[in-house]
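The values are calculated or read from the model by the stated rules, or taken from the named source; none is laboratory data. Computed from a prediction, not measured in an experiment: that's the story for all the values here. We place every Cβ from the backbone using ideal geometry, glycine too, and count neighbours over all the protein chains shown. Keep in mind that these areas ignore ligands, DNA and RNA; they rest on the heavy atoms of the full protein, side chains included. Shrake-Rupley method; radii C 1.70, N 1.55, O 1.52, S 1.80 Å.
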Amino acid sequence: MEQALSLASLALGQVSPNPAVGAVVVKNDVVLGQGYTQPAGSDHAEIMALRQTGEQARGGVMYVTLEPCCHYGRTPPCSQAIIIAGIAEVHLAMLDPNPLVSGRGKEELEREGIKTYVGEHEDEAKQINEAYAKFITTGIPFVTAKFAVSLDGKIATKSGDSRWISGEEARKQVHNLRHITDAIMVGVNTVLADDPLLTCRCCGGRGGTARKQPLRIVVDGRGRTPPTARLFSEPGKTLLALGRAVTPGEAAAFAQAGAELLELPSAEGLVDLEKLLRALGEREITSVLVEGGEILLGSLFDRGLVDRVIAFIAPIIIGGKEAKTAVGGKGVDKVADSLKLERVSVERFGEDLMVSGYVSPKTRGVKI
C-alpha cells in the first residue's frame, strides 16, 4: 500500500477532476503490475496495473489507494475490470466519497467472491485526495492560502518591496505546490506590484517550466489588470475574474492577450468569491492555491472559504507600521475568536520554516 500511495502522489495535479490513485498487483510476494491514474479520459490506476500484469493477475492481490469506480464515466468501471481479471483479494486504503461509488465498488467486488479490506494507510490516502473529496461532495474546489512572511509578519516593506522574503529552497517548494494544484489565484494588486509569472517551474519541460501549467486566476474587482502583464504571455491559460462589465475595447485587448474573462457580481469593488469558487467548480477545478495579496486572502478568511494554510516564515525582521501583512480583511475583535489550525506540521526549507495546517471547522465561520 505504501508503494501504491507513492504512485498516487505522482498523479496529483495532473488528472483532475479524477482522483489521484495508485495501484499495485502482487502474487506470490512478487509485484507483477503497478500504475497510477492517467489524465482525465485515459486509464485509471487499476487498469494500468492490470495491463502490466496480464494473465498472471488471476488469483493475485491488488492494493489500491481508493475504492474502484463502479460506474461508467469517461471510462468503463474499474470494478468490472478487476472481476474479469480474476483478482482474488483487494485492499482499499479508503472508500470513494463520490456519491456514485461510496461503498458500491467494494460491494460489487464482494458479491463476486473477492475478499476486500479497507483502511490500510487511510489517513495518507485521504490527504492525497483531500481536494477531490471536497470537490466531488460539494462542487467547490479545495482552497489553500499560501504566503511568505518575515518573523514580524510582514509580506513586504513599506515601499512595497517583497523580493525575496523566503529563500531559494522555500521558493522551490512553492513550485512543487503549484505542480500539484489545478489553479493559482492572486489579487490584482499582486499583479500590479510584482508582475508575477505564476507558472510552475519544475518537473521537466523547456526552460525549467513544467509541461502542464495550472490555470492562472486574477481576481480584479475594478478591472485594473493591464493586458501587458507578464502572466498573459506565459504557457498555460489565464482567467480574469472581474467585478464589472468590460468595454468592447477592453474585451478585445484581453482576448488578444489570451485571457479569458469571467464577469461576476461585486460589492465595494470586491468580487463575489463564493460565486467565483462555484464557477471554478463548474469548470472542474478541484484545487486552488491562493498566493495573495492581503485583500484577497483577508476576504477569503473572512468568508470562511479557506481549507488549508501554508505559511513560509523567514528569519528576518522588516518592521514599519506601514509595511503590509499577509492577511487583510475585517479580521476578528477578540483573540478567542481567531481562526485556529489543526493537524499542524512544521518543515524546514533552507533557513525558512513552512508551517501548514487545516482551518478548524469550529472556528471557520461562514462557508459555502
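General remarks:
- A P(r) calculated from all alpha carbon pairs of the stretch 109-175, with 10 Å bins opening at zero, reads 15, 24, 25, 20, 8, 6, 2 percent.
- The stretch 5-80 - Kirkwood radius from inverse mean 1/r over Cα pairs (Å): 12.3 Å
- Nonpolar atom fraction for the stretch 34-162, defined as the carbon and sulfur part of the 1.4 Å probe accessible area, stands at 50 percent.
- Fraction in percent of alpha-carbon pairs per bin - 10 Å, the stretch 1-130: 15, 52, 31, 2
- Here the average projected area of the convex hull drawn through the C-alpha atoms of the stretch 146-240 stands at 6.7 nm².
- On full extension, the segment bounded by Glu322 and Asp123 gains 67.4 nm, given 0.36 nm per residue less the C-alpha separation.
- Rg and Dmax, both from the Cα atoms of the stretch 67-170 and both in Å, are 21.6, 69.
- DSSP-defined beta bridges in the stretch 212-318 - what % are antiparallel, rounded to 5: 15 percent
- For the chain, the longest principal axis of the alpha carbon atoms and the long axis of helix 273-282 meet at an angle near 30°.
- Rounded accessible area per residue of the stretch 279-368, 1.4 Å, Å²: 55 Å²
- Bridge orientation summary for the stretch 1-110: considering DSSP beta bridges with both residues in this region, about 70 percent are antiparallel.
- Full extension of the segment from Arg230 to Lys362, taken as 0.36 nm per residue of separation minus the current Cα-Cα distance, would add 43.5 nm.
- Residues whose amide H falls under 5 Å from that of Ile310, counting only those 5 or more places apart or on a different chain, are Ala145, Lys146, Phe147, with hydrogens built in the peptide plane.
- According to the Cα-based calculation, Rg over Rh for the chain is 1.01, with Rh computed by the Kirkwood formula.
- Residues with amide H under 5 Å from that of Asp96, placed H, sequence gap 5 or more: Glu67, Ser102, Gly103
- Using a cut-off of 29 Å between Cα atoms, the listed pairs Lys154/Lys212; Lys321/Lys362; Lys172/Lys237 include Lys154/Lys212; Lys321/Lys362 as exceeding that distance.
- Highest-fluctuation residue, Asp195, Asp337, Asp302 considered, GNM on the chain with Cα pairs under 10 Å: Asp337
- Viscosity 1.002 mPa s, 20 °C: Kirkwood-radius Stokes-Einstein D of the stretch 215-346 over Cα pairs, µm²/s: 127 µm²/s
- Positive minus negative residues near Glu168 (Lys, Arg vs Asp, Glu; Cβ under 15 Å): +2
- 12 Å Cα-Cα reach of Lys330 towards aspartates and glutamates, excluding residues that sit fewer than 8 places from it in its own chain: Glu294, Asp302
- FRET efficiency for Arg51 and Ala88, using Cβ-Cβ distance with R0 set to 22 Å, rounded to 0.05: 0.75
- Going by accessible surface with a 1.4 Å probe and the largest first, Leu151, Leu296 read Leu151, Leu296.
- Å² of accessible area per residue within the stretch 77-225, as computed with a 1.4 Å probe and no ligands counted: 44 Å²
- Rounded percent of accessible protein surface that carbon and sulfur make up, the stretch 296-368, 1.4 Å probe: 54 percent
- Within the stretch 65-140, GluC sites (Glu not before Pro) in DSSP loop having at most 15 other beta-carbon neighbours inside 10 Å: Glu112
- Dipole check for the stretch 75-139: with +1 at the C-beta of Lys and Arg, -1 at the C-beta of Asp and Glu, and the Cα centre as origin, the magnitude is about 200 Debye.
- Proximal charge balance of Arg104 [Cβ under 9 Å; K/R count +1, D/E count -1]: -3
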